[in-house]
Every structure is written in C-alpha cells, then in structure tokens.
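Reviewing the structure listed below.
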Amino acid sequence: IWNDRSNYIGYSNYGWVAFYDLFSRIGVLKNERFDKYLPLTKSGVFECYEYENVVFAIRPPIRIVRNTSGQLHNTEESAVMFVDGSKYFFVNGRAIPENHFQAIKHQKFTVQSFLKEGNEEIKSACIAMMQELRGESYIVDFFSDFLKEVNTYVDKKDDKYLEGTTRGMNIGVYTLFKGEINNELVAYVRCYCPSTDRLFFLGVAPEHNNAKDAIASLYRVPKKLKKHIKYIQRQGERFSTVFDEQGTKMLKSRELSQVDISDTTSITGNQYFSLLNYEY
C-alpha cells in the first residue's frame, strides 16, 4: 500500500524501491504514483529532506575511499567528502572525530585525550590508525610513559571457539596495565576482538592486580541470577548472558523486580572464564 509520505528520495529507500520496481515489471503491481517516483531515484540525488515549504537535495559525495574489505577507510584524509567541503573520517569502517584524526596523523594525540574519549569504538579506531601509520611498537611506546604492564592472562581457546574468527595469535590474551595520570590512578586491560583482531583498552578499577579478575570485573549480573548463568559471550565492552532454565523462567515470569535487576554484582576471574564460551 502506497504511503503518502513515501516521496523521500535517498539511498535508504532503495531496498523497497527495488521490490516495487520488480513487481511493476512482472505485472504484479501497478501504481501511477510509483511510476512517477521511480525516475527521481535515478536523478543522482544522494539524500533528500522534504519540509512544508522547502526541499533539501544533497548530491552524492565527491570522494569515497574504502579499504579492500569495502569499509570506509582513509588514514591520509577524509574517507568521505561532499562538494560543500563537508568531511567525514573513517578507519576500517569506524567513524573517528576529525580532531582525533588530525592529532594522530601529526603525532599530537596524547594518552590524556585517549583516556578522556568515552566511546570504545572511537578509541579502537584511534588505535587502529596509529597501528597502520606507525606500527605495533608505536602503541606500546604511546602508553609506556603512563601505563606499565602488570600482568597477562592467556585464555587458551579450543578450535571450536575459533570458527569465524581471525585465529590471530592475540585472541584470548588479556594484559593489565596500571599507572598514574594527572595524579589519578588508572588501570586498563588490553584485549583483542577475535573477529577482527583489533585492539581494545578497557578501563578497570585500579585495585586489580591481575588481568584475569580485572577483565571479569567488567561483567555484571543481577545478584539473584548469579547462580543461574549458563554461559557468557563478549563483544568488546558489551556482554550477553544465557541463563539456565530456572534463571530464564525467573526472567520470563517477571519474578524479578526492577530493583532486583538493577542490583548487580561481578564474578571472579575463574568463574568468568569457565563460563565464557564466545567472543566476537
């Protein structure tokens, strides 16, 4: 059924337009309004925003740079640029603010700037850019003046858990770094995304002295469900939990109140790694 508001032009519309076009060509659908709309999608407009008295039509970017995997990527200049000069920076498909990009490019990016950045994906993009431009040793030197390696834990993975990953040598390696920045104690665990083998530095409480317990401390679970964990999965700083039959029943029956769900606790490193069966 045609929607009166479906006169928007843009790449995000191409999915349903393709279906309408196919059904029109095979005789299943006949809609005069669609027949008038279809040529607009071929006009070269990148995005179009319509208001009561004005229409903003945006041309396609004049520069789009991708890596060999098809992701937006450029460590020399913006990966995307429009005719009006608007620029967007990406490293291996992940957006990075221009101020971080330029600071890294000109070697003016500081550890303080890195630690103040609250978005882990942006921090990962910063690390990836530094790695590509200057190598792995630069990353070590970048943090060495402030953070010292304290402990490393290696979680040996069975082959069945490595399917779909890079099978890189860093998978399952967690290293705890601690130090003092601006008179404040800080601690980070360095770990790797097994699907891309990219680097993450995840902040942890500075009282931890071993990487195993430190990374486990990031995982939180409602206290009343702690005994019902079946297994855990991790993606960067995000965790997902599958509970046993009783725990699942408690959740589905709404036996737990919002206070119960908010009342969370952590588990030990030994418990965490015995329950962790997948990282991605």
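The values are calculated or read from the model by the stated rules, or taken from the named source; none is laboratory data. Because the structure is predicted, anything quoted here is derived from the model rather than measured. Methodologically, a virtual Cβ is constructed for each residue, glycine included, from the backbone with ideal geometry; neighbour enumeration extends over all protein chains shown. The area values use the complete protein model at the heavy-atom level, side chains included, leaving out ligands, DNA and RNA. Shrake-Rupley method; radii C 1.70, N 1.55, O 1.52, S 1.80 Å.
A few points about this structure:
- Using a cutoff of 8 angstrom between alpha carbon atoms and counting only pairs six or more residues apart, the relative contact order for the chain works out to 10 percent.
- Relative packing of 249-258, 225-234, which averages over residues the other C-beta atoms within 10 Å, highest first: 225-234, 249-258
- Descending Cα extents along the principal axes, the chain, whole Å: 68, 56, 40
- At R0 = 51 Å, FRET efficiency that the Cβ-Cβ distance of K230 and E98 yields, to 0.05: 0.70
- Total formal charge among the other residues, if their Cβ is under 10 angstrom from that of E149, Lys/Arg +1 and Asp/Glu -1: +3
- Once C-alpha pairs closer than 8 Å and six or more residues apart are averaged by separation and normalised to the residue number of region 21-158, the relative contact order reads 12 percent.
- Vicinal HN-Hα couplings computed from phi for region 62-77 (Karplus, 6.51 cos²θ - 1.76 cosθ + 1.60; Hz; Gly/Pro x): 8, 9, 9, 10, 10, 8, 5, 8, x, 7, 4, 6, 6, 9, 9, 7
- Electrostatic bookkeeping for Y174 treats Lys and Arg as +1 and Asp and Glu as -1; over the other residues with beta carbon under 9 Å from its beta carbon, the sum is +1.
- When you count the other C-beta atoms within 10 angstrom of each residue and take the mean per peptide, 260-271, 100-111 line up highest first as 100-111, 260-271.
- Close amide-amide hydrogen proximity is noted between E47 and I58, each under 5 Å apart and 5 or more residues distant or on a separate chain (H modeled in the peptide plane; Pro and chain starts excluded).
- Neighbour cut-off at most 15 other Cβ (10 Å), DSSP loop, GluC sites (Glu not before Pro), region 30-99: E52, E76, E77
- Of the solvent-accessible surface of the chain, computed with a 1.4 Å probe over protein heavy atoms with every protein chain present, carbon and sulfur atoms account for 49 percent.
- The 3J(HN,Hα) values that the Karplus relation (6.51, -1.76, 1.60; θ = phi - 60°) gives for region 91-107 are, in residue order, 10, 6, x, 10, 5, 9, x, 4, 5, 5, 4, 5, 5, 5, 4, 9, 6 Hz. Gly and Pro appear as x.
- Rounded accessible area of V259 (nearest 10 Å², 1.4 Å probe): 110 Å²
- Label-point separation in nm, K252 to S69, each point 7 Å along Cα→Cβ: 3.7 nm
- Maximal additional length on extending the L185-T264 stretch stands at 26.0 nm, based on 0.36 nm per residue less the C-alpha distance.
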